[in-house]
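Every number here is computed from the coordinates shown, using simple stated rules; none is lab data. Keep in mind that this is a model prediction, so the values were computed, not measured. Every residue, glycine as well, gets a Cβ built from its backbone with ideal geometry; the counts of neighbours run over all protein chains shown.
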Amino acid sequence: MQRRRFLWLGFASAGALLAGGLTWRGFAAAMAHAHARIRGRSMVAETRFGAMEYAIAGVGPPVLMIHGTGGGFDQGLDFAQPLSAKWRVIAPSRFGYLRSAFPHDPSSENQADAFADLLDALGIARAPIIGGSAGALSAMQFAIRHPDRCSALVAMVPAAYAPGRPPVRPPNAIAQAIIAYGLRSDFLFWLGTAAREDSMIAALLATDPALVRSAAPDERARVRAILHNILPVSERARGLLNDGRLAYDPAPMPIETIRAPTLALSLVDDRFETLAAARHIATTVPGARLVEYPTGGHVWVGRNREVFAEVDRFLSQAAV
C-alpha cells in the first residue's frame, strides 16, 4: 500500500512538472512571438512630451489611425489594414504604450498635441484622423485643438462622454482581476488568454464570445489576434491604466466647436455602450454623420470589410 501511494505521488509530481514545463514553454513561445511581431516595425519622433513611437503602412494621402485600449502602433496598423491600399496609414503609440513616453500629464488633450508634433516631424500639414475606442478621446481633442490640421474625424466605437450614461464599470469579477493584476503581468495575461479566452474577449473586447465563435474563420482570427496581440502587456500597462482612468467616466468636450467633417460609428450590442457616445457626437458636431450596426460588439465582429469600406468612402469625400 505504501509503495502504491509513493508511485501515485511520483506520477502526480511528474504530471505537475510536465504541465508546468508545457505551460512555461507555451508562455515563452507566445512572448517570443509578441516581441518579434513589433520589433523593427516602428520609428520614434520627438514631441514636446517626449518620444512618440509610430509606424507607417500603405501609399496615398496620409491618415492618422489612433489605437484603442491595449493597442499601440501595431494595433493601429492592424485596424486600418483595409485602408492601406489607398491611404498612407500613420499609426502612433499613445502615451504609455510600447516605446512612447508617459509624461506627467498624459491627458487626451496632451495626446492630441503630440499628434500635431508628430505631423510636424513628418512634414504633414493636414490629415484626417480615426480614433478607435479610447483612442477616440484624443482624436476628438485633435479635431478640437488643431482645426487647421484636421481634415476629417472618424470616431469608431468611441469611449467618450454621453449625457446621462453611468460610468463604465468592470462587468464581473474576472474583469476586475484582469485590471488589478493581469495588466501588469505578461504571464498572468497570457495564462488568461490560454485558459479563459472567452472570458477575456467578453471582459476586454466587450463582445459576446458566442458572436465570435459563430463568425467566419477570418473574422474569428482577427478578433483573437486583437486579444492575443495585447502581449507584451507589461509594455502597454501604463497606457492601459491611463485609458481606464480617462474612459471610465469621460468628461464632456466642446465637440460643438468641431468643424471637420465627422463620422461617428458604433454598434447596438457593444457592451461598452459606445453607441450612446456616437449618437451624442452625431447630434452635437455640426453636420456629423452616424453609422450604427445592430450586431458586432465592440470590435465589429463580422463587419470589418463593411466598416472600413464606409470609412474609406467617408474619407474620400470629406478629407480634401
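Overview of values
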{"item": "Rounded Å value of the spacing that divides the Cα centres of the stretch 254-275 and the stretch 64-122", "result": "19 Å"}
{"item": "Neighbour-count ranking [beta-carbon atoms within 10 angstrom, fewest first] of L122, L240", "result": "L122, L240"}
{"item": "Equivalent ellipsoid dimensions for the stretch 87-246 as semi-axes, Å, which come from the Cα gyration tensor, largest first", "result": "29, 18, 16"}
{"item": "Per-residue Cβ neighbour rank within 10 angstrom, fewest leading, I129, I201, I144", "result": "I144, I201, I129"}
{"item": "Zone residues, the stretch 67-110, relative to V44, backbone N less than 17 Å from point 7 Å out along Cα-to-Cβ", "result": "72-74, 92-104"}
{"item": "At q = 0.08, 0.12 Å⁻¹, base-10 log of I(q)/I(0) for the chain (Debye sum, equal scatterers on each alpha carbon)", "result": "-0.36, -0.77"}
{"item": "Residues with amide H under 5 Å from that of A152, placed H, sequence gap 5 or more", "result": "I129"}
{"item": "From phi via Karplus (6.51, -1.76, 1.60), per-residue ³J(HN,Hα) for the stretch 221-226 in Hz, x at Gly/Pro", "result": "5, 4, 5, 4, 5, 4"}
{"item": "Computed [θ] at 222 nm, helices only, for the chain once each DSSP H run of length n ≥ 4 contributes -39500 (n - 2.57)", "result": "-14500 deg cm²/dmol"}
{"item": "Approximate spin-label separation R165-S185, in nm, with each point projected 7 Å along Cα-to-Cβ", "result": "3.2 nm"}
